[in-house]
Amino acid sequence: MKVLVIQNRVGIGDMVIFLPYIEAISKYFNTPVSLLVKENTKTLEFLSSNTCIGQIIILERNDKNKFGKHYGLKGVLNLAFDIKKHNFDKVFIFNSSFRYAIIARLAGIQNIHQYQLFDKKNQNIIETAKLFIKKSLNVEVQSNPIISVNSNEIIKAKNEYKILNEDINILLGVGGSGPTKRVSPQKFLEFIKLSNNKLRCKFFLVAGSNEVEEKIVNQILNSEYKNKCITLNKLKISETLPIIKNCNIAICNDTSFSHLSAALGIETIVLMTDTPLLYGSYSPRMHPIIPDGEKIVTHDTLGKDRINPKKIFDKMKDILNLG
């Protein structure tokens, strides 16, 4: 039995969210499944050792810039040809696009499971996936992604970065996929100040490697708390995972690291400023903080300037039972 799963959404967070549903397919058929995913999901970096996943096939399609081997009409034929070479028996398509239904048929796959066609409007990413697996396999799946890291790598990271049990080791996810999702470095510095005044802490900074996010990291590193901070933004995702696993807690903007840290089993405070709340609350290890004055968060809340560092600090104390 050869099974393909198509997950064409962009980004690490979406890949993490879909992980329990992909694993459910693998366990149901008692075989590793192949994945068709976009390169920027970084799947190869954090899921390559997952026993539920076999081959990872990269979807070479850039919709924003309108190019790639699998973009456009020619791309449909190219992708169908690339998939056909694997002789898949079944495919599970986590979207409502008619494009992938055609591709699956052109690739000669006889057994096709897909979201309801043309039903994309107002889809809840989690509930739709749950319903899809329930309808396809009659299996109930909980929204609780888990990523495993080799224990030797965890120990190695602990020694290399001098991570001590006496410290409260805090991951700070200071980056974000857009300007409305990035809480200002001043807010993080206020939180660091509160923590440093009361507790013995060490802070690990994670962000993207682009110029904007490097500036954010540098603002924190150039502060009076620079000796308390270690930056990880030059590392690959795979290199950060064992370091994150050593942390006591994570405090992140709504960014890839909030998804990764929660999936690694780290209690994660998610600063929700401009995206639906479910992206910061779907895991039992996620604890959302919303802007002052708001009862809910969605697109266009624009609340990054109303995130309260004192609330973050109090939430952390509560989660870690620090009194």
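The values are calculated or read from the model by the stated rules, or taken from the named source; none is laboratory data. Just so you know, these numbers come straight off a predicted model, no measurement behind them. Every residue, glycine as well, gets a Cβ built from its backbone with ideal geometry; the counts of neighbours run over all protein chains shown.
Summary table
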| read-out | value |
| --- | --- |
| Region 215-245, subset part of a helix (DSSP H, G or I) and more than 21 Å from the chain's Cα centre (by Cα), residue nearest to ARG200 (Cα to Cα) | LYS228 |
| Of all residues in region 289-298 being in contact with a helix residue (DSSP H, G or I) (Cβ under 9 Å, 6 or more places away or on another chain) and surrounded by fewer than 16 Cβ atoms within 10 Å (Cβ to Cβ), the one that is farthest from GLY265 (Cα to Cα) | GLY293 |
| Residue pairs meeting the criteria (Cβ under 6 Å; at least 6 apart or on separate chains; first on the phi > 0 side of the Ramachandran plot, in region 34-46; second outside any strand (DSSP E or B)) | LYS42/ILE12; LYS42/ILE237 |
| Given (1) assigned to a loop (DSSP other than H, G, I, E, B); (2) in contact with a helix residue (DSSP H, G or I) (Cβ under 6 Å, 6 or more places away or on another chain); (3) in the same structural domain as TYR28 (by TED's automatic domain parsing), number of the condition SER143 does not satisfy | (3) |
| Given (1) within 25 Å of MET272 (Cβ to Cβ); (2) in a helix (DSSP H, G or I), number of the condition GLY175 does not satisfy | (2) |
| Any hit, region 262-271, residues being touching a residue at least 60 places away in the same chain (Cβ under 8 Å), in a helix (DSSP H, G or I) and farther than 19 Å from PHE203 by Cα | yes |
| Count of residues meeting criterion [free of Cβ contacts under 8 Å to residues at least 40 places away in the same chain, outside any loop (DSSP other than H, G, I, E, B), under 26 Å from ASP300 (Cβ atoms) and under 18 Å from the mean Cα position of the chain (by Cα)] in region 180-214 | 1 |
| Selected residue (only one of VAL37, VAL3, VAL16 is closer than 22 Å to THR240 by Cα and either modelled with pLDDT under 95 or in contact with a Ser or Thr (Cβ under 7 Å, 6 or more places away or on another chain) (or both)) | VAL37 |
| Options ASN253, ASN248: the member that is closer than 18 Å to ILE312 by Cα, over 18 Å from the mean Cα position of the chain (by Cα), touching a residue at least 60 places away in the same chain (Cβ under 8 Å) and buried (at least 18 other Cβ atoms within 10 Å of the Cβ) | ASN248 |
| Residue in region 24-31 that is touching a Phe, Trp or Tyr at 6+ places or on another chain (Cβ under 9 Å) and modelled with pLDDT of 95 or more present | yes |
